[in-house]
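Heads up, the thing below is written out as C-alpha cells.
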Amino acid sequence: MTGTMIITDETPQIRKILQNAIDEIRQLTPQVKVEYIDYDQGYISEADADILRQIAQKDNRGEIEYISAEEFQAKMHQRGFAW
C-alpha cells in the first residue's frame, strides 16, 4: 500500500476534484482508505490535551525525572530488554 497527503484550501472545486480522484482509484482497487483532517482545528483530542496538561503540571512541580538515553538503555537492559 502507498499513501499520499495533499494539504490545500477547501473549495467546492477542489472538493469535487479530490472526490473524482478517490472514485477513480476505488474503481481500480477496493483497498482505499481516505482520512480527512481539518488543520484549522486542534491536532489532538481534548482527552489527550488533558493528559499533556497533567504532565506539564507535574513537570512544573518537579515531579518528573529526566534521564539520558544511555541511562534509559541501561535500565531497560537490567530489566531484560534487549537494546
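The values are calculated or read from the model by the stated rules, or taken from the named source; none is laboratory data. Just so it is clear, the structure is predicted and the values come from calculations on it, not from any experiment. Cβ coordinates were reconstructed from backbone atoms using ideal geometry, including for glycine residues, and neighbour counts include every protein chain displayed.
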Only residues in the range 8-28 that are in contact (Cβ under 8 Å) with a residue 40 or more places away in the chain and closer than 16 Å to residue 38 by Cα count as the first member; pair them with residues that are of a type in the set (A, V, I, L, M, F, W, C) and not in a helix (DSSP H, G or I), Cβ under 9 angstrom, at least 6 apart or cross-chain, and list the lot.
none
Within the range 1-60, considering residues that are assigned to a helix (DSSP H, G or I) and under 15 Å from the mean Cα position of the chain (by Cα), the one modelled with the lowest pLDDT
46
